[in-house]
Amino acid sequence: GENVEQHPSTLSVQEGDSAVIKCTYSDSASNYFPWYKQELGKRPQLIIDIRSNVGEKKDQRIAVTLNKTAKHFSLHITETQPEDSAVYFCAAPTDSWGKLQFGAGTQVVVTP
Amino acid sequence: KAGVTQTPRYLIKTRGQQVTLSCSPISGHRSVSWYQQTPGQGLQFLFEYFSETQRNKGNFPGRFSGRQFSNSRSEMNVSTLELGDSALYLCASSSGTGGILGEAFFGQGTRLTVV
């Protein structure tokens, strides 16, 4: 089955700096890679995703890159703001229907 | 469009009891997945239902079960509760059709505390 590793586990950045979170996956058949943001006490929310037919996708200050050869994908947050503080999870589907394998999460803290 | 609704939001049960949690997916979505979230173990997949059929199951004991109704609402049941079952239980809704996993949207979760 799929195995997703996420690094780092915690990330502290100064407001305005960039943050990068990296994930690796094991199943070369995986073709969909979502990222979720979970604020304290709230549900995980899908913030961006990428499919295997593209290498990069951007949405305002957030971007995701995918390297299928190396089997890794990354989340990039530019010009970080205090409201970006949250836990971020990457995920990849297994070869089975309906199952997302999540990374362990990255606690991002943006300090003013 | 209404989001994913989970009830109840909070539950306190004693060891040995059983509990049933409910999840109403986004209208038109036929896939409902359940996850257990704990501080130490992250998000762990429990099972997924599509059109009333369980398509996939995670590595949880048989005390964890679920079902899905014809209107796509899903329930999960945990019998003979143990202290270690205390967690946030999240369900995720997606269209579930086709060969590519669609976007999954989470409910607010049910916080279960076993005492």
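The values are calculated or read from the model by the stated rules, or taken from the named source; none is laboratory data. On a predicted model such as this, the values are computed, not experimentally measured, just so you know. All Cβ positions, glycine included, derive from the backbone under ideal geometry; neighbour counts span all protein chains shown. Areas reflect the complete protein model, heavy atoms only, side chains present, ligands, DNA and RNA absent. Shrake-Rupley method; radii C 1.70, N 1.55, O 1.52, S 1.80 Å.
Per-structure values
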read-out: Which listed residue, of A:T78, A:T10, A:T69, is within 14 Å of chain B (Cβ to nearest Cβ) and either small (G, A, S) or open to solvent by 40 Å² or more (accessible area, probe 1.4 Å) (or both); value: A:T10
read-out: Wholly within the stretch B:26-115, strands (runs of 3 or more DSSP E) carrying at least 1 residues that are surrounded by 21 or more Cβ atoms within 10 Å (Cβ to Cβ); value: B:31-38, B:42-50, B:64-68, B:74-78, B:87-94, B:110-114
read-out: Odd one out for A:K58 among (1) farther than 16 Å from A:K22 by Cβ; (2) not in a strand (DSSP E or B); value: (2)
read-out: Search result, residues across the stretch A:21-53 that are within 14 Å of chain B (Cβ to nearest Cβ), farther than 17 Å from A:E83 by Cα, open to solvent by 60 Å² or more (accessible area, probe 1.4 Å) and part of a loop (DSSP other than H, G, I, E, B); value: A:A29, A:N53
read-out: Residues within the stretch B:1-24 that are within 28 Å of A:T106 (Cβ to Cβ) and modelled with pLDDT under 95, tallied; value: 1
read-out: Residue pairs meeting the criteria (Cβ under 9 Å; at least 6 apart or on separate chains; first outside any loop (DSSP other than H, G, I, E, B), in the stretch B:8-20; second exposed (fewer than 11 other Cβ atoms within 10 Å of the Cβ)); value: B:I12/B:V115; B:K13/B:V115
read-out: Check on A:G103, under 28 Å from B:Y49 (Cα atoms) and either crowded, with 20+ Cβ neighbours inside 10 Å or in contact with a Leu (Cβ under 7 Å, 6 or more places away or on another chain) (or both); value: yes
read-out: The stretch A:81-100, subset within 14 Å of chain B (Cβ to nearest Cβ) and surrounded by fewer than 20 Cβ atoms within 10 Å (Cβ to Cβ), residue nearest to B:Y49 (Cα to Cα); value: A:W97
read-out: Options A:Y88, A:Y25, A:Y32: the member that is of a type outside the set (D, E) and in contact with a Pro (Cβ under 6 Å, 6 or more places away or on another chain); value: A:Y32
